[in-house]
Amino acid sequence: MPLARGRQFLAIPGPTNVPLRILQALDRPPMDFTSPEFADVAEEVQMGLRRVFKTEHDIFIWASTGHGAWEAAIANFYSPDEKVLICETGAFSEWWLEMAGLFGLDAEYLPGDWRMGIDPAALEARLRADTGHEIKGIGIVHNETSTGLCNDLAALRKAIDAAGHPALLMVDTISSLGSMDFRMDEWGCDVVVGGSQKGLMQHTGLGLLGVSPKALARAENATGPRRYWDIRRSLQMPFHMRNPGTAPAHFFYGLKEAIKFLEEETLDGVFARHARLAEAVRRAVAEWSKGGAIDFYVKNADRRSNSVTAVEITGPVDSDAFRFACRDDFNVMLGGGLLQLGGKLFRIGHLGDLNEPMVWGTLAAIEATLKRKGVPHGPGGVDAAIAYLAG
Ligand code: PLP
């Protein structure tokens, strides 16, 4: 059990820390969600989210986890047996692929290296081979949270264009939105999946979906069953009535505050802060890796994520024993390895409401645990992070 003293450091890659001003915005009694007051807030949130997604198009919002938004992305735009191509990146691409199959789609996996990211040339080649344009949608996890790898969406978009392929581009931005640059319209994204609990600094509980006009046209004709996720029904309603059933109104107040918070720093400022803090984490890991038992999971250094770093550990303890020690001894929570990476790596979440001392504190707890557990590591990881952020 974690020690019940001091502040718990939530260094998992989501849910992230919810700042006090957002907690206060969320803290309100239930209200009449059909009221003009809520209508104003819902409209403000809609417009604000469009700025965060960098789109001029509609964003749909559900009371759900990110899995719900995935399901909405699959349920709305395809008819049974239509082919979608999901690009392999890690645990989250596996689960999205599984979901597409369960919905009766012909779900094909484009094989990929979890440590390197999606190869634009491989995507282009697969799309060129699809001369009959049977592939109706391409699913890409922008930032693969299970490995700490951020795919180059602009390059992948170029590959799709080079192949002249008309499939919808579906992008999961759950661990990049609001922490790393993402441009829905400029990068030609048709269906964009988001969630509330990472860069948007909320509790878990909202699934978000950005939808381009091209995707909307497919939604009109798709024959797959849908009710909760049906964007056609939602579109007939004003923004505050678009939720199927009762709107989770308090969340809209939280989102309104989160968007305000992000825009006070500016989105570019938010991305720059994430990049700086992530680089400090990488400097620490680079020092620790000199001992031989610790290393970056992602080998493609250019694609290491600014919101999460996955650290492989090859002994003498497995990564779960390591992170539980970090939790129990220092009250610092790290993420674990998912699927076949279970026990092999821990993940440092560095996204959301985060500053330098929070990063230093997390890194110091990790370095102390490396020492306590006798994990061979290079000294000076924390020093390198301090030197970088002090510079
Ligand atoms: N996609 C990515 C990239 C994620 O990181 C997550 C959750 O961490 C999900 C999808 C699923 O979201 P949720 O856990 O909210 O269902």
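Entry for the chain at q = 0.07, 0.14 Å⁻¹: log10 I(q)/I(0) = -0.32, -1.20, Debye formula applied to identical alpha-carbon scatterers, no solvent contribution.
A crude spin-label estimate for the pair Asp130 and Leu102, with each label 7 Å from Cα along the Cβ direction, gives 2.3 nm. The residues packed around Ile12, meaning those with a beta-carbon under 14 Å from its beta-carbon, carry a net charge of +2 if Lys and Arg are +1 and Asp and Glu are -1. Rounded to the nearest whole Hz, the Karplus-based 3J(HN,Hα) values (6.51 cos²θ - 1.76 cosθ + 1.60, θ = phi - 60°) of segment 328-338 follow the sequence 6, 7, 10, 6, 10, 9, 10, x, x, x, 10, with x at glycine and proline.
The Cα center of segment 332-371 and the Cα center of segment 15-43 differ in position by 31 Å.
Here's the list of lysines a cross-link from Lys371 could span, going by alpha-carbon distance under 27 Å and ignoring same-chain residues fewer than 8 apart: Lys290, Lys299, Lys344. Only helices enter the 222 nm calculation for the chain: every DSSP H run of n ≥ 4 contributes -39,500 (n - 2.57), and dividing by all residues gives -13000 deg cm²/dmol, rounded to 500. Shape descriptor for segment 159-303: Rg over Rh equals 1.05 (Cα atoms; Rh from the Kirkwood inverse mean 1/r). Can you give the angle from 0 to 90° between the axis of helix 36-53 and the longest principal axis of the chain, with both taken from C-alpha atoms, to the nearest 10? Taking Cα atoms only, the helix is inclined about 70 degrees. A simple count of charges around Leu153, restricted to other residues whose Cβ falls under 13 Å of its Cβ and scoring Lys, Arg +1 and Asp, Glu -1, yields -3. Taking the DSSP bridge list for the chain and keeping only pairs wholly inside it, about 55 percent are antiparallel.
The calculated FRET efficiency for Arg5 paired with Lys371, based on their beta-carbon distance and R0 = 25 Å, is about 0.75. Solvent-free Debye calculation, one equal scatterer per alpha-carbon of segment 61-219: log10 I(q)/I(0) at 0.11, 0.18 Å⁻¹ equals -0.37, -1.08. Straight-distance candidates among the lysines for linking to Lys256, with alpha-carbon spacing under 22 Å and chain neighbours fewer than 8 residues away dropped: Lys54, Lys198.
Quick note: the coordinates plus some simple rules give every number you see, no bench work behind them. Keep in mind it's a predicted model, so treat the numbers as computed, not measured. Please note: Cβ atoms are built from the backbone with ideal geometry, for glycine as well, and neighbour counts cover all protein chains shown.
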